[in-house]
Amino acid sequence: MDTFDVGQLVPGFRPPPQGAPAEIDPAALAAAQTRTRHWRSSFPGPLIPGTDRHRAETCRMFRETFNPYRPAVLDWPSLAPAERARIVALPIWDIAVQTEGKARLRMAAYARTLCEPDMRGALALNAWEEQRHKDVLSRMVAAYGIALAPEPTPALPADPEWAYLVTGYSECIDSFFAFGLFELARRSGLFPQALVDTFEPVMQEECRHILLFANWAGWHRARLPFWRRLRFEARVAAVWLYLAWERIGLAHTVGAERMAPEQEQDNNFTLHGAQSVASTEVGMADLMALCLEENARRFAGYDERLLRPTTVPRLASLLLRIARPLRGRR
C-alpha cells in the first residue's frame, strides 16, 4: 500500500477538497475540464518575473485551474484483445510509474524549504498531483493486467533544489514530446478514443506543471542577488548537461529487454514510448511539427503574460527549419 503523504513533508499542506465518488457531478467535472485549460489574471498590468504580483498570480493560476478528478472513479474502458496487447507491449509503464514516484518526493522536499507560503503551497499541490498521477497509472496498469517490475523506494534528496531542477526540466523535455506522441497515438488508433478521453486530464495537468515550473524559475532567478544568480545559472546549465547525457545513455538502452539497475535512467520515458508510436509512417520532421503544434495548443488557454518553457520548443523549431529544406532536396 502506498502511504506517501505530502502533508508529512510540507507542514501545513492540506489536500484540496474532493467529493465522495457518489457525489461527483458529471457536469461539474466537465466544467472543471474547461477551467483547467483556460485561465487569465484579472490584474491589468504586466506580470514582471520576480515581483510579488507575478508570484501571486502564478500561484493563483495553479490553484484555480485545479481539476478535481478522482483516480478511483476513472472509467477504464474495455479493450479489444489487439488493443490491449498493443498497450501492454509499450515499454514505458515501469518508468512512468517510478518517475511519478520520484517527482512527488522531490517536489515536496523542495516545497518544504520555501519560506514564501504561496509558492510553497503551489509546489506542495504540484507534488500532490504527481502522487495522483502515480495513482492513475497504477490503477490503469492493474485494470489491463500490465506487469511492473518491483519499484525501488526513492530516497529523500540530499540537495532538494538540484532534485527539483532535474525533475522540472525533465518534465519540460518529456512533456513537449509526450504531447505530440499522445496525439499521434490518438490519430493512429494506438490508443482507443475512450482511453484517450480517460487519460486526457493527466496530460493537461502536465502542461500546468511545467507552466508552474517555468514561472517559479523566472520568479526565483529574478529575486537572486548577482552572485547567487550566477551560481543558480551554473546549476541550471549543469542540469541541462546532466539531462542530455542521461538521454544519450537512454537512447543506447532502448530495445533492451530490461535495463540493469546501474543503467536505469532518471525521470524519462519519452524515448521508450517513441520507439513504439513512431513506428507508423511519420517522419521525424512531421513528428517534431506535431509536438510544436500540440505544445502551442495546450498552452494557448493560459494568460500569455505567464512564462512558458521555451528551450525545447526553440530547439525543435530550429531543427525543423533545418530538416525541411533537406527533405525538400531529397
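Each value in this text was obtained by applying a stated rule to the coordinates, not by laboratory testing. This structure is a prediction, so every number in the text was calculated from the model and none was measured. Every residue, glycine as well, gets a Cβ built from its backbone with ideal geometry; the counts of neighbours run over all protein chains shown.
When the chain is described by a simple charge dipole with +1 on each Lys and Arg Cβ and -1 on each Asp and Glu Cβ, the residue from Ile322, Ala163, Ala109 located farthest towards its positive end is Ile322. Placing dummy labels 7 Å off each Cα toward the beta-carbon, the span from Glu64 to Thr3 is 4.0 nm.
Between Phe43 and Trp245, the simple spin-label model (points 7 angstrom out along Cα→Cβ) gives 3.9 nm. Taking amide hydrogens as placed 1.01 Å from N in the peptide plane, the amide H of Trp39 sits under 5 Å from those of Tyr302, Asp303, each at least 5 positions away in sequence or on another chain.
Using Cβ point charges alone (K and R +1, D and E -1), the dipole size of the chain about the Cα centre works out to roughly 1180 debye.
Quick check on region 156-258: take the gyration tensor over C-alpha atoms, sort the square-rooted eigenvalues as a ≥ b ≥ c, and tell me if it's rounded (a/c under 1.5), prolate or oblate. Oblate, since a/c reaches 1.5 and b/c is not below a/b.
Placing R0 at 51 angstrom, the Cβ-Cβ distance between Trp227 and Ala80 gives a FRET efficiency of 0.25 after rounding to 0.05. With a Förster radius of 41 Å applied to the C-beta separation of Ala285 and Asp197, the computed FRET efficiency comes to 0.90. The length gained by stretching the chain between Ala323 and Glu116 to full extension, at 0.36 nm per residue less their Cα-Cα distance, is 70.0 nm. Straightening the chain between Arg314 and Glu161 buys 52.6 nm, computed as 0.36 nm per residue apart minus the Cα-Cα spacing. Legend: ranking of residues Tyr302, Tyr242 from fewest to most surrounding C-beta atoms inside 10 Å; resulting order Tyr242, Tyr302.
With contributions of -39500 (n - 2.57) from each DSSP H run of at least four residues, the per-residue ellipticity at 222 nm computed over the chain stands at -22000 deg cm²/dmol.
Taking θ as phi - 60° and the Karplus parameters 6.51, -1.76 and 1.60, the scalar couplings of region 172-184 work out to 4, 5, 5, 5, 4, 6, 5, 4, x, 5, 5, 5, 4 Hz in sequence order, x denoting glycine and proline. Stretching Ala237 away from Ala56 to a fully extended chain increases their span by 62.4 nm, per 0.36 nm per residue minus the current alpha-carbon distance.
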